[in-house]
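As structure tokens, the structure follows; a few thoughts come after it.
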Amino acid sequence: MDFKTFLENTAIAKGWRFIHARRDYQNLTDVLEFFNQELESFEDNETGIFLDPVTTQREADGIRYTGSFMVLTHADLDMPYAEKYDKFIVPAKEFVNQELWNKMKCDFDVTTWTTIEVINIHDFNGDGVSVQFNLKGY
């Protein structure tokens with residue numbers, strides 16, 4: 001299974017949205033009607049996984065996947081940072097660094113996995129984490 005399919009299946013299993021496209025397209029809601037509909041239709045406290053294009057490299061013993069994705073929850077712009085941190089960022093960090101990590105290790109060898117907290121990102125005020133990864137699949 002490739003990493004896109006892995007993340008998409010994970011999002012579906014959690015009842016989350018999954019969007020796969022360039023990050024600048026994901027944010028320019030006035031340029032692409034698809035993303036306009038997707039982002040504007042997010043409800044408060046709704047979560048999605050936003051996957052940037054993934055670089056794949058064929059190696060002798062498998063395929064290397066390199067890229068980034070975000071786990072974001074739509075939040076009220078006026079909510080204080082401390083509340084956003086506890087309500088949206090901490091659960092996103094726990095999800096990517098524990099649940100997703102453990103599930104992913106069954107299908108991939110992880111070379112690098114870096115997370116950074118994000119707040120009020122994209123046109124729908126998404127809060128959560130951004131992850132950069134380098135994985136090897138077989």
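The values are calculated or read from the model by the stated rules, or taken from the named source; none is laboratory data. Being a predicted model, the structure only gives us computed values, none of them experimental. All Cβ positions, glycine included, derive from the backbone under ideal geometry; neighbour counts span all protein chains shown. The accessibility values were calculated without ligands, DNA or RNA, using every heavy atom of the protein model including side chains. Shrake-Rupley method; radii C 1.70, N 1.55, O 1.52, S 1.80 Å.
The figures follow:
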item	result
Hits in the range 51-106 (condition: among the polar types (S, T, N, Q) and touching a Lys or Arg at 6+ places or on another chain (Cβ under 9 Å))	55, 56, 57, 68, 73
Within the range 121-138, tally of residues that are in a loop (DSSP other than H, G, I, E, B) and polar (S, T, N, Q)	1
All positions within the range 71-100 that are open to solvent by 90 Å² or more (accessible area, probe 1.4 Å), closer than 26 Å to residue 5 by Cβ and not charged (D, E, K, R)	98
Residues located in the range 91-117, provided they are closer than 25 Å to residue 78 by Cβ and in contact with a helix residue (DSSP H, G or I) (Cβ under 8 Å, 6 or more places away or on another chain)	117
Any helices (runs of 4 or more DSSP H) falling wholly within the range 1-70 and containing at least 3 residues that are at pLDDT 90 or above and surrounded by fewer than 16 Cβ atoms within 10 Å (Cβ to Cβ)	3-14
Matching entry among 96, 118, 90 (being in a strand (DSSP E or B) and of a type in the set (Val, Ile, Thr))	118
Tabulated pairs, the range 120-135, first of a type in the set (S, T, N, Q), second modelled with pLDDT of 85 or more and not in a strand (DSSP E or B), C-beta under 9 angstrom, 6+ apart or interchain	120/84; 125/79
Among residues of the range 85-113, those that are among the β-branched types (Val, Ile, Thr) and within 13 Å of residue 134 (Cα to Cα), counted	3
Members of the range 101-114 found to be among the polar types (S, T, N, Q) and open to solvent by less than 70 Å² (accessible area, probe 1.4 Å), listed by number	112
